[in-house]
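Here's the structure we're looking at; comments come further down.
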Amino acid sequence: MTSSAPTAAQSRAARNRARLLRTMLPALSMTLILLAIAWLNPRAISYFGFSLMLNLAIPIALATIAQMFVITINELDLSIGTFVGFVGCVTATWLHDAPVLGVLVLLASIGVYAGLGALIHLRNLPSIVVTLGMSFVWQGLAILILPKPGGAAPDWLKGLMGLKVPFVPFPIVAAIVIALVVHFGLMRSAYGTVLRGAGGNPQAIGRAGWSLLKTKVVMFALTGTFGVISGMALIGITTSGDANIGNGYTLLSIAGVILGGGEFVGGRVSPIGAVIGALTLALAASPLLTFMNIPPDWQVAANGVILISVLAARALISRKGA
Amino acid sequence: MSDPLRSIAKLDGVKRSFGAVRALDGVDFAVHAKECIGLVGHNGAGKSTLMSILAGTGSPDSGTIAINGAAQSDWTIQRARALGVRCVFQELSLSPNLSVAENTRVSHGALNGWGGAKRAADLIRASLDAIFPGHGISPQDIVGDLAIGQRQMVEVARAFTLTDDPLHLVILDEPTSSLDAQTARQLLDHIRRAVAGGISCILISHILGEILETSDRVVVMRDGKVVADEPARDLTRARLVAAMGGARLHAKTTRSDGVGASQPVVAQVQAGGAHGAIGLQARRGEVIGLAGLAGHGQTKLLIDLFEAANARRKGMTVDGAVALVAGDRQTDGIFPLWSIAMNISIRSLAALRRGAFIAADKEADLAVTWRERIGIRTDNLDNNILSLSGGNQQKALFARALASDAQIILMDDPMRGVDLGTKLDVYDLIRTQAQQGRTFLWYTTETDELDNCDRVYVFRNGQIVAVLDHDDLTEEKIIQSSFAEVGA
């Protein structure tokens with residue numbers, strides 16, 4: 001027993017080192033992208049530069065958090081992009097013209113998400129299929145509400161998203177608030193622990209006396225809620241709506257979760273990492289590539305290459321840790 | 001046993017069927033205050049089903065449950081926990097992505113709000129310290145990083161933590177199956193302390209010595225019925241085995257014949273490498289035991305050998321195809337979505353081909369052959385593997401390895417939680433197969449099993465520290481080698 005103690009301590013230290021490295025990886029990759037931007041265009045590293053570059057990062061971060069909730073319980077939401085688009089259309093039309101109706105519709109859509117969670121749990125359906133189907137439903141509804149781009153964001157929303165905070169750009173403040181709120185809710189609270197546990201070993205959570213149905217419903221409702229906030233934030237920034245505005249968000253949100261240190265199965269997620277992952281993607285998406293003088297035609301492909309390299313680095317570190 | 005008449009939990013006429021299989025056939029079972037009941041029986045006798053009903057995770061088809069004399073009409077796991085009945089399940093119930101403290105928090109509704117995480121950490125640390133002194137587990141450790149024995153310690157310690165909920169009865173289903181002898185001893189001592197302190201326990205184990213020395217009363221189940229219920233002091237190992245039925249008490253085995261220095265060496269680990277100053281040699285037809293405390297490098301050696309068979313590895317030579325029988329069958333062994341037949345044939349697909357495709361008839365033949373040879377209890381091999389009891393799942397894994405072309409079989413503590421009858425069947429099979437020229441490398445945490453081996457290598461801290469021939473093999477010597485540095 002005495003002889004085995006040092007090796008146990010050593011292996012724990014090694015494990016913790018690997019885990020720390022993995023936790024730091026999202027921040028490291030963002031730092032790397034920031035350094036590249038600073039090197040290419042030093043003027044971008046300023047209050048104004050960050051406000052501009054991270055302008056669209058907040059809706060992406062919110063959608064990423066939404067995606068993270070379902071990934072926590074081993075599901076995937078392929079409809080989050082078109083859902084954000086649908087919310088955008090509702091925000092730019094009904095919420096502007098008839099606020100009560102708009103609020104009701106948005107609340108009902110969260111209810112639909114909660115219902116999907118219940119359906120997926122009770123009928124044991126694969127969430128990929130259900131949400132893929134729903135993505136067409138949301139898209140269709142969005143087009144019905146707003147057949148061609150237009151509408152207007154409610155003034156209070158425009159005001160909120162255009163907020164000027166002294167010293168620190170608003171998107172950064174918003175990102176920190178989002179990350180901390182979700183971190184405490186999911187990582188520190190008692191029920192948050194139960195929700196993550198349900199992703200790790202559902203049977204264990206059931207045997208501890210918790211309802212698995214409830215965990216699914218709560219997680220899907222949270223996804224819907226953050227999807228709604230994301231769509232509203234997006235319209236607050238763009239000031240008008242478009243049925244296709246959120247289509248890219250599905251894959252961005254999944255990539256953001258994974259980039260932020262989350263895993264597809266097993267309830268291993270990190271809200272702070274997910275927000276950093278979303279910011280990294282937003283930065284890598286266009287500011288960096290524009291500064292690199294990469295023509296718009298190639299930007300999407302270049303974006304993909306950046307994503308693959310960051311994920312490859314993560315895989316390497318994880319393997320070393322294991 | 002101050003008030004032996006007061007029953008804290010009572011089951012009457014409990015019946016439960018799964019499809020055509022009658023798991024429980026009218027069971028009456030009572031737990032009194034301050035007693036430890038040993039529950040024994042073959043795998044499939046209905047022990048786990050009965051306990052899941054008592055713990056509230058399963059429901060009976062008919063029969064009644066009474067707690068502290070009050071009949072329970074709506075018996076759920078929530079109700080069971082509220083009334084102080086807890087269960088440590090055979091397949092562990094921890095979330096691997098959560099820390100030890102978080103897993104504790106999940107099982108106690110009272111650990112909410114600010115400071116809940118810290119209280120959970122203190123609670124589980126205190127419980128681990130009380131039951132397993134020197135456990136080396138931190139509440140912040142992520143459960144997925146812990147060895148299976150350590151997880152079992154956490155799960156047991158968690159069941160004994162106290163918050164607002166009362167605690168009257170702890171059900172321990174095979175709690176020692178992944179623990180080494182010393183840790184198992186600590187647990188059994190703790191059970192006696194807990195019982196003295198007023199908590200009742202139900203202990204399920206296939207290690208009859210544990211049952212006899214720890215329990216006040218022993219209940220034997222067979223084919224879904226209680227067939228014996230007697231004070232432990234009136235029982236002996238032989239009588240218990242007789243009551244469980246069928247299985248004979250195994251005699252001291254003789255080493256397998258015909259293995260001598262003349263046989264070629266099929267697997268070799270050179271001395272002075274990563275596995276220590278003593279080398280390992282396995283000849284054709286030998287059964288080699290790997291012993292020592294749980295988690296001291298035995299599994300790693302098996303995996304290294306497995307890899308050495310397919311790719312060059314420094315200091316190791318393996319001559320021939322290998323197959324591995326996993327011990328942690330839920331994680332490393334079975335394909336949970338596949339049928340029994342597919343689980344058996346997966347290692348032999350190359351031999352079952354017709355052209356580029358798998359020949360369905362050959363696959364079915366193979367599965368049927370091995371069902372007969374190893375005695376897997378099922379009427380339909382196309383059923384899902386999870387329809388089998390734990391012991392029979394393990395038999396399917398043996399069948400997978402033995403049906404293959406592998407000449408070297410690596411076994412990673414494969415008898416974990418397997419009943420005595422199955423074990424004896426498999427021991428016979430191993431001996432016959434060894435006589436036919438197969439080589440076995442067998443890691444086991446049960447000292448009795450090493451009796452089947454020609455030679456035993458003892459591990460400590462990832463290294464081989466002793467070699468014992470079959471004839472010199474005693475439990476004392478193994479323990480001595482396992483703890484050498486403490487003694488010196």
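Quick notes on this structure:
- Residue, surrounded by the most Cβ atoms within 10 Å (Cβ to Cβ), within region B:83-106, restricted to residues that are within 7 Å of another protein chain (Cβ to nearest Cβ) and at pLDDT below 90: B:S93
- Selection status of A:L104, more than 14 Å from chain B (Cβ to nearest Cβ), farther than 30 Å from A:A198 by Cβ and either outside any helix (DSSP H, G or I) or not charged (D, E, K, R) (or both): yes
- If only residues of region B:68-80 that are more than 14 Å from chain A (Cβ to nearest Cβ) and either under 29 Å from the mean Cα position of the chain (by Cα) or polar (S, T, N, Q) (or both) are counted, the one that is farthest from A:I205 (Cα to Cα) is B:N68.
- Residues (within 21 Å of the chain's Cα centre (by Cα) and more than 22 Å from B:L54 (Cβ to Cβ)) located in region B:81-114: B:S95, B:P96
- On the stretch given as region B:46-84, residues that are within 13 Å of B:D173 (Cβ to Cβ) and hydrophobic (A, V, I, L, M, F, W, C) total 5.
- Failed condition for B:P414, given (1) more than 21 Å from B:T299 (Cβ to Cβ); (2) in a loop (DSSP other than H, G, I, E, B): (1)
- Candidate set: region B:167-185, residues that are surrounded by fewer than 20 Cβ atoms within 10 Å (Cβ to Cβ) and under 24 Å from B:D413 (Cα atoms); chosen: the one nearest to the chain's Cα centre (by Cα): B:D180
- Filter pass, B:D379 being at pLDDT below 90 and either in the same structural domain as B:S17 (by TED's automatic domain parsing) or in a loop (DSSP other than H, G, I, E, B) (or both): yes
- Enumerated strands (runs of 3 or more DSSP E) restricted to region B:195-245, each holding at least 3 residues that are out of contact with any His (no Cβ under 8 Å at 6 or more places or on another chain) and of a type in the set (V, I, T): B:217-222
- B:V156 hydrophobic (A, V, I, L, M, F, W, C) and part of a helix (DSSP H, G or I): yes
- In region A:7-38, the qualifying residues are those that are away from every other protein chain (no Cβ under 12 Å) and more than 25 Å from the chain's Cα centre (by Cα), and the one that is nearest to A:L311 (Cα to Cα) is A:R17.
- Residue in region B:415-426 that is in the same structural domain as B:K300 (by TED's automatic domain parsing), buried (at least 24 other Cβ atoms within 10 Å of the Cβ), in contact with a helix residue (DSSP H, G or I) (Cβ under 7 Å, 6 or more places away or on another chain) and modelled with pLDDT of 85 or more present: yes
- Residue in region B:114-134 that is farther than 17 Å from A:A190 by Cα, within 9 Å of another protein chain (Cβ to nearest Cβ), surrounded by fewer than 21 Cβ atoms within 10 Å (Cβ to Cβ) and without any contact (Cβ under 8 Å) to a residue 60 or more places away in the chain present: yes
- Within region A:120-203, helices (runs of 4 or more DSSP H) holding 3 or more residues that are away from chain B (no Cβ under 14 Å): A:127-145, A:155-161, A:170-182
- Residue within region B:256-271 that is surrounded by fewer than 17 Cβ atoms within 10 Å (Cβ to Cβ), modelled with pLDDT under 85, out of contact with any Leu (no Cβ under 9 Å at 6 or more places or on another chain) and not assigned by TED's automatic domain parsing to the domain that holds B:G315 present: no
- Residue within region A:212-219 that is among the β-branched types (V, I, T) and at the interface with another protein chain (Cβ under 7 Å from one of its Cβ atoms) present: no
- Yes/no for B:G295 being in a loop (DSSP other than H, G, I, E, B), away from chain A (no Cβ under 14 Å) and touching a residue at least 24 places away in the same chain (Cβ under 8 Å): no
- Restricting region A:109-129 to residues that are in contact with a helix residue (DSSP H, G or I) (Cβ under 6 Å, 6 or more places away or on another chain) and among the β-branched types (V, I, T), the residue that is surrounded by the most Cβ atoms within 10 Å (Cβ to Cβ) is A:I120.
The values are calculated or read from the model by the stated rules, or taken from the named source; none is laboratory data. Because the structure is a prediction, the values reported are computed rather than measured. A quick note on method: Cβ atoms are made from the backbone with ideal geometry, for glycine too, and the neighbour counts reach across all protein chains shown.
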